[in-house]
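Asker: Here it is, the structure in full.
A short reminder: the numbers here are calculations on the coordinates, not readings from a lab. The structure presented is a predicted model; accordingly, all values stated were derived computationally and were not measured. With ideal geometry, Cβ positions are generated from the backbone for all residues, glycine too; neighbour counts draw on all protein chains shown.
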Amino acid sequence: MTLQQFEYIVALDEYRHYVTAAEHCYVSQPNLTMQVKKLEEEIGVRIFDRDKKPLQPTVIGKEIILRARQILRESRQIKEFVNHERESMEGEYTLGIIPTLAPYLLPKFLPLFLKENPKVHLKIQELQTHQIISQLENGMIDIGLLVTPLKESSLREIPVYYEPFLLYLPEDHRFIDQKLLIAEDLDPSEILVLDEGHCFRDQALSICNGAKSGSAIGFDYQSGSIEVLKNLVKNGVGYTLVPEMSVIEELESLHVKRFSSPEPVREVSIVVHNSFIKESILERLKTVIQKLVPERLLEPQAVVDMGSF
């Protein structure tokens, strides 16, 4: 049995005429008649006494029609509830964000987002990519801000901006006078990267053809902070790859160098489970972030291929 069949028997009860009921339901009269018969055959009782003129419901048919009306009313209420939920800007939501985005993105968009949406309360957790994926799938968090594509069929990705990778150098490095760099010129043995588990580490190593990093520096330092790596570089220890937002105030300094076109880029996205329905929250979040990141980062670009990690 279907909601459509319930609509047909309610219309027949109201108009007591097949043609008029069919017109009201915007279907052909034979189609309506066939669907009503199919419903009667499925439940094993006659809903209408076709021998009476005008058409009359049977005794049990009256009860079935009453219940059908209740079901249709509740169905409409569910649709109204879902539409309200889609559009409303209120409630508490848990947002997971990866460590290489949090220090640079949160301070930019969060104050404006909360000011414009005072009835929204965000519980923010800094998590690594695999943790966000797992918790989105398990319903432990509602929204993720992370680097995509993830290739997870249960999750929906909403690209927000495209962030280039830049090289962060000490001032006396041999690359310091080069305007643009070529990824193939990098020496992986000099590069400082984040420790295992960070997707940014994998992306950085993919730019360097996946070679072992830091082997010529003389120490092995497991860091989860881009800022620590930048400070080491400033003091003459190797060099590192950084996302553009992490050096937004230093783009004109000697420390920062861009790569030649096409630049290596990471795609930053809002990610939710396929069942998430609060479209208004997602659209507002995307709008605020895009308003506050440099406009040049909004144009889609080729991203670093993470398919092998």
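Asker: Got a sec? Charge dipole of the chain, +1 on Cβ for Lys and Arg, -1 for Asp and Glu; which of VAL27, VAL10, LEU145 is way out at the positive end?
Answerer: It is VAL10, whose Cα lies furthest towards the positive end.
Asker: Per the helix-only calculation at 222 nm, which mean residue ellipticity applies to the chain, given -39500 (n - 2.57) for every DSSP H run of n ≥ 4 and division by its residues, nearest 500 deg cm²/dmol?
Answerer: Working: 9 runs with 120 residues, N = 309.
About -12500 deg cm²/dmol.
Asker: In percent, what relative contact order does the chain have, based on Cα pairs under 8 Å that are 6 or more apart in sequence? Can you show the working numbers first?
Answerer: Numbers: 472 pairs, mean separation 65.2, N = 309.
Normalised by residue count, the contact order of the chain is 21 percent.
Asker: Take the chain, connect every pair of alpha-carbon atoms lying under 10 Å apart with a spring to form a Gaussian network, then pick out the residue of ILE248, ILE141, ILE98 with the largest mean-square fluctuation.
Answerer: The residue with the greatest mean-square fluctuation here is ILE248.
Asker: Quick one: among ARG258, ARG69, ARG284, which has the greatest mean-square fluctuation in a GNM of the chain with alpha-carbon springs under 10 angstrom?
Answerer: ARG69
Asker: Using a 10 angstrom cutoff on alpha carbons, build the Gaussian network for the chain and name the most mobile of ASP142, ASP51, ASP172.
Answerer: ASP51
Asker: Enumerate the aspartates and glutamates that LYS52 could reach by cross-link, defined here as Cα to Cα under 17 Å, with residues fewer than 8 away along the same chain left out.
Answerer: Of all the aspartates and glutamates, those that pass the test against LYS52 - Cα under 17 Å, at least 8 places apart if same chain - are ASP13, GLU14.
Asker: Among TYR93, LEU297, PHE165, whose Cα sits farthest toward the positive end of the charge dipole of the chain (+1 at Cβ of Lys/Arg, -1 at Cβ of Asp/Glu, about the Cα centre)?
Answerer: My answer, from the dipole projection, is TYR93.
Asker: Next question. Rounded, prolate or oblate, given the Cα gyration tensor of the stretch 3-87, with a/c below 1.5 counting as rounded?
Answerer: prolate
Asker: Same structure again: Test of understanding: what is the full-extension gain from LEU292 to LEU66, defined as 0.36 nm times their sequence separation minus their Cα-Cα distance?
Answerer: Length difference between fully extended and current span is 75.9 nm.
Asker: Kindly put LEU297, LEU101 in sequence by how many other C-beta atoms sit within 10 Å of each C-beta, fewest to most.
Answerer: By the 10 Å Cβ count, ascending, the order reads LEU297, LEU101.
Asker: Using only the alpha carbon atoms of the chain, find the Kirkwood hydrodynamic radius as the inverse mean reciprocal pair distance, in angstroms to one decimal.
Answerer: Working: mean 1/r = 0.0421 Å⁻¹.
With all distinct Cα pairs of the chain included, I get 23.7 Å.
Asker: Calculate the dipole size of the chain relative to its Cα centre from +1 charges on Lys and Arg beta carbons and -1 charges on Asp and Glu beta carbons; express the result in debye to the nearest 20. Let's see the in-between values first.
Answerer: Numbers: 34 positive and 46 negative charges, 306 e Å.
For this selection, approximately 1480 debye.
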